[in-house]
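Structure first, commentary second.
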Amino acid sequence: MKVEVAVVGAGPSGLSCAAALVRLGRKVAVLEAAEATGGTLRAAPGYLAPAAEGRTRLQTLQAAAGPAALLTGHPAGSLSGGPGAFRLEAGNRRLTAGAVVLASGVRRRLSPADHGLEPAYNLLGLSDMARLLADPQASLGRLRGRRVAFFLDVSAPDSLRQQAAAMHLGIAVRRQLAAEVLWFGRDLKVAGDGLEARYREARDLGVTFFRDAGRPPMLTATAGGYRVWAWPEEGGEPVEVAIDLAVLDEREEPCLPQWDLGPRRENSRLGHRSPRPGIFVTGSLRADLDLEGCLVDGVAAAAVADAFLRGLDGLVRAEVDAPRCARCLTCVRLCPHRAMAIAWYREADRAAAKVDKAACRGCGVCVAACPALAITLTTCPDEDIYRQLESGGRTT
Ligand code: SF4
Ligand code: SF4
């Protein structure tokens, strides 16, 4: 099979990337090791979003990525060749692709030792809890009316994704099992899409939130559960509470194929462009992203891979079509390189978003997020960058 882009991984970011590439007119194949698409949305329903919402989102994504060849049960094997003509083995299939996008996500692993505990039946990871809640055969009735506690910021400190998961799952536990829910963490980020509303919902349902000031709660096993001592943020004596089930945050390890991705520092984060030309990266493999973040990131990776196939890689910068800009500030807020600002366009006689071409890295995030479709990635000669630098970033 010959395609322009092979996307490895059919989770939310991979499907979002494939759908965006299809919209850009690219011939795409998506390789997925599992027997079905969906990644975490399918394997751990309720983790990235409430289960019903996750199912709907997955259907929408599958429909949008439908024109791509979806090869499930095809784990990515060896890779040879180079940009424009990568040769990729996937199960019994051989593919030739101009570019490859890695969207293979992360593996999650419960590590009780991080919390000073031994493995036990009443100790679960967040993704185990999501699977159990979605399993009609699971016997969760014993938790009805009991006390379930979520512990964050230990195995995965400051993980927005895991905080969001604990929020969705805490609400589900409260609703499905009428269990008392406690939530222990260092910090609570409600800036993610919809998380503030979920936080309010959880509070209204009676979920209790404990925030500590850098001293994680201490757990000790008892005959039927655990005893927790938590030091409140505002100081004072620790709160002591008995719980029946502990749900812990999990370690995440990137699921990377055994490919040479070019030189990079050990444990350094991957950008949309891997160090190896023609191979791009998206989704949770690249950053700590919640569901919305994964979807936007998939579109951004598609924009960057498309620019590469158009021969523009390395030179691309974002460009705003000023008359189209609705001045919603989305790009200004999201640009990871602070390259966007609102400025006056003399020729259009209006204010609109403006790219600082010296700061822009052509990551495509703004292209993916702009609701007015006012931004594209385009070539930018060095002289334009120098001119803008010399004018102090002012527009003409
Ligand atoms: S996201 Fe689009 S519409 Fe909003 S300010 Fe940026 S360019 Fe304008
Ligand atoms: S392409 Fe990336 S770096 Fe450039 S302006 Fe858009 S978001 Fe910022």
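Every number here is computed from the coordinates shown, using simple stated rules; none is lab data. Predicted model only: the values in this text are computed from it and were never measured. No Cβ is skipped: glycine too gets one built from the backbone with ideal geometry, and neighbour counts run over all protein chains shown.
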**Complete:** If unit charges are put on Cβ atoms (+1 for Lys and Arg, -1 for Asp and Glu) and the dipole of the stretch 108-251 is taken about its Cα centre, the option from 176, 119, 152 lying farthest towards the positive end turns out to be 176
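Using a simple charge model, +1 on the beta-carbon of Lys and Arg, -1 on the beta-carbon of Asp and Glu, nothing else, what dipole does the stretch 316-390 show about its Cα centre, in debye to the nearest 20? Write down the numbers at each step before the final one.
On the way: 11 positive and 9 negative charges, 72 e Å.
Rounded to the nearest 20 debye, it is 340 debye.
Tell me the Kirkwood radius of the chain: reciprocal of the mean inverse pair distance over distinct alpha-carbon atoms, in Å.
Values: mean 1/r = 0.0440 Å⁻¹.
For the chain, the Kirkwood estimate is 22.7 Å.
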**Whole-Hz ³J(HN,Hα) from phi, Karplus 6.51 cos²θ - 1.76 cosθ + 1.60, for the stretch 49-55, glycine and proline x** = 7, x, 3, 5, 5, x, 5
**Complete:** Only helices counted: for the chain, with every DSSP H run of 4 or more residues adding -39500 (n - 2.57) and the sum spread over all residues, [θ] at 222 nm is -8000 deg cm²/dmol
**Request:** Report, in whole Å, the centroid distance computed from the Cα atoms of the stretch 9-30 and the stretch 160-224.
**Result:** 34 Å
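Taking 0.36 nm per residue of sequence separation and subtracting the Cα-Cα distance, how much length would be gained by fully extending the chain between residue 23 and residue 346, in nm to one decimal? Please list the in-between numbers first.
Values: separation 323, 0.36 × 323 = 116.28 nm, distance 3.29 nm.
That works out to 113.0 nm of additional length.
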**Item:** Listed residues 279, 342, 375, most fluctuating in the chain (Gaussian network, C-alpha, under 10 Å)
**Value:** 342
**Message:** Around residue 3, under 15 Å between beta carbons, what's the net of Lys plus Arg minus Asp minus Glu among the other residues?
**Reply:** +2
**Integer Hz, Karplus 6.51/-1.76/1.60 couplings in order for the stretch 88-105, x for Gly and Pro** = 10, 9, 9, x, 8, 9, 10, 10, 10, 9, x, 8, 10, 10, 8, 9, 8, x
**Item:** Selected from 14, 105, 145 as most flexible by GNM, with the chain as the system and alpha-carbon contacts under 10 Å
**Value:** 145
**Item:** 5 angstrom amide H check on residue 345, placed H, neighbours 5+ away
**Value:** 350, 351, 352
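So which chymotrypsin sites (Phe, Trp or Tyr not before Pro) in the stretch 113-219 end up in coil per DSSP with only 13 or fewer other C-beta atoms within 10 Å?
Hits after loop and neighbour filter: 121.
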**Complete:** Loop-resident GluC sites (Glu not before Pro) in the stretch 193-296 with no more than 15 other Cβ atoms inside 10 Å, DSSP not H/G/I/E/B, are 233, 234, 266
**Message:** On the principal axes of its Cα set, how long, how wide and how thick is the stretch 15-141? Give whole Å, largest value first.
**Reply:** 52, 31, 23
**Request:** Using the Karplus curve 6.51 cos²θ - 1.76 cosθ + 1.60 with θ = phi - 60°, work out ³J(HN,Hα) for each residue of the stretch 352-362 in order, rounded to whole Hz, and write x for Gly and Pro.
**Result:** 7, 5, 9, 8, 7, 5, 6, 8, 5, 10, x
**Item:** Point-charge dipole on Cβ atoms (K/R +1, D/E -1) for the chain, about Cα centre, debye to 20
**Value:** 840 debye
**Prompt:** Using just the C-alpha positions of the stretch 115-229 as equal point scatterers, what log10 of I(q)/I(0) does the Debye formula give at each q in 0.16, 0.20, 0.21 1/Å?
**Reply:** -0.75, -1.22, -1.35
